[in-house]
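Worksheet: one structure, shown below.
We did not get these values from a lab; they are worked out from the coordinates using the rules stated. Predicted, not measured: the structure shown is a model, and the values here were computed from it. Cβ coordinates were reconstructed from backbone atoms using ideal geometry, including for glycine residues, and neighbour counts include every protein chain displayed.
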Amino acid sequence: MVSDFKERLKKGDIEGAIEAALNIDDSFFRLEALAYILRSVNETYHDLILSKMFETTDSIVNKVTKVKALALVGSALYAIGKERMGDHMFRKAISLADSIGYPSWQAEAYGYLAYYLALSDLLEDSLYYFNQAVRVIQSSRESYSRIVHFLSNLAKLIVQAADEITNEKALDFYGLAEDIYRSIRLKIQANAVKSKREFVKNILKGGSVAIMGLLDTGDIDKAIIGIRYLSPKERVAAMLEVAYWLFLHEREDLARVLLADVFDMMLVGKIKPSDLELMGIAHKFMRLGRLDEALVIAGIIEDEERASEVLGNVALTYARFGKMEKALSIAEGIKNEIVKNRVLKALKGEENVGHK
């Protein structure tokens, strides 16, 4: 039943997906399903889904679960741009968590609250409530074993939150999780979190150069993860380099998925690297014979002379592969008349088509 709503959503059956979600017995799982649908559909369905989410939240009796539910709804509202309503839900969650009298339950509620605050990019508030959870459980009269168990789970939750953060604040979250693990003498987990923290620190410091270093060593998985921490322009340039690396190593399916995202960022989001960087990556794609990709990149270059040079090289490369009609079509579209005439002469046999 839990997976059924996703299958219906994939088929475009939104009403069916909502119905399937509402049939989930567990209230919180039902809320998670509705939140997933809410983030996946257009605003036509928002009011209907939100009304069902509010009904589900109101029906929850357990205070800890209700705090978790309110925070989830607040995060979902932030995800669809309804920050004011999201703030209201977070305030309700905070008020309820503050009212919980039993320390271990209150600490648990603060942990869930902090997690969903982090997902909403309310990072300072999130850190505050994660620390509150630590303070409350450590000052409680619970047995040492229960405190250790709670802190271990809390550290996992903090790491999960940190993994979703794409700026320098992630370092604070990883640092807190590491401190918790060390305080309960879980050295292996602490060292694993430290490694994550060092990785993020290196990416933030080195930028796209750090990503290129990972590609040079063949660590594509870390390179893809590291891209998340770059500035938008650096991210686009790095994604193009990663796509090139994937084509070079015959991982075409993943390269195409990545390129679809990066082209969307450049064409729709208007986020792009410098024209010089685009020229460089376009020529790399040409050397691999990825001419369609090079053509798209050429169309994004703003400087007319540079764009014309790349288009000219793409046209000549198409000609070398025997696609003369395509080559002529591209050449005719070159804006710089000097480059255009030179390329057309080469294509018509007046000059040598061969080039570097």
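Quick look at the values:
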{"item": "Mean Cα-pair separation over length for the stretch 154-201, i.e. relative contact order, pairs under 8 Å, 6 or more apart, %", "result": "37"}
{"item": "Sparsely packed GluC sites (Glu not before Pro) within the stretch 261-342, loop by DSSP, other Cβ within 10 Å at most 10", "result": "Glu302"}
{"item": "Part-to-part distance (alpha-carbon centres) for the stretch 158-202 and the stretch 84-134, which is given in Å", "result": "20"}
{"item": "The stretch 141-284, Cα convex hull volume normalised per residue, Å³", "result": "126"}
{"item": "Out-of-range pairs (alpha-carbon distance over 19 Å; input Lys205/Lys284; Lys68/Lys169; Lys201/Lys222; Lys233/Lys335)", "result": "Lys205/Lys284; Lys68/Lys169; Lys233/Lys335"}
{"item": "Length-normalised contact order for the chain - Cα pairs under 8 Å, 6+ apart - percent", "result": "6"}
{"item": "Rounded, prolate or oblate (a/c below 1.5 giving rounded, otherwise prolate when a/b exceeds b/c) for the stretch 277-356 by Cα gyration tensor", "result": "oblate"}
{"item": "Under 11 Å, Cβ to Cβ, from Asp121 - net charge with Lys/Arg +1 and Asp/Glu -1", "result": "-3"}
{"item": "Rounded to the nearest 20 debye, dipole of the stretch 1-116 from Cβ charges on Lys, Arg, Asp, Glu", "result": "240"}
{"item": "Mean residue ellipticity (222 nm) of the chain, computed from DSSP H runs ≥ 4 via -39,500 (n - 2.57), nearest 500", "result": "-25000 deg cm²/dmol"}
{"item": "Peptide ranges 97-106, 136-145 listed from the most packed, as the mean C-beta count within 10 angstrom indicates", "result": "97-106, 136-145"}
{"item": "Cα centroid separation - the stretch 253-314 against the stretch 1-44, whole Å", "result": "38"}
{"item": "C-alpha long axis of helix 169-183 to longest principal axis of the chain, angle in °", "result": "50"}
{"item": "Protection proxy ranking, peptides 171-179, 87-95, average beta carbon neighbours within 10 Å, highest first", "result": "171-179, 87-95"}
{"item": "P(r) tail fraction, the chain - alpha-carbon pairs more than 30 Å apart, %", "result": "55"}
{"item": "The stretch 1-99: relative contact order as a whole-number percent, Cα under 8 Å and 6+ apart", "result": "21"}
{"item": "Of Val200, Ala69, Ala21, farthest towards positive along the dipole that unit charges on Lys, Arg, Asp, Glu beta carbons give the chain", "result": "Val200"}
{"item": "For Arg182, Arg135, Arg290, order by how many other beta-carbon atoms lie within 10 Å, fewest first", "result": "Arg135, Arg182, Arg290"}
{"item": "For the stretch 209-273: rounded, prolate or oblate by the Cα gyration tensor [a/c cutoff 1.5]", "result": "oblate"}
{"item": "Sparsely packed trypsin sites (Lys or Arg not before Pro) within the stretch 218-266, loop by DSSP, other Cβ within 10 Å at most 16", "result": "Arg228, Arg251"}
{"item": "Dipole of the chain, positive direction: furthest Cα of Phe285, Ser308, Ile94, with charges on the beta-carbon", "result": "Ile94"}
{"item": "Positive-end extreme of charge dipole, the chain - chosen from Ile271, Tyr244, Val136 (charges on Cβ)", "result": "Val136"}
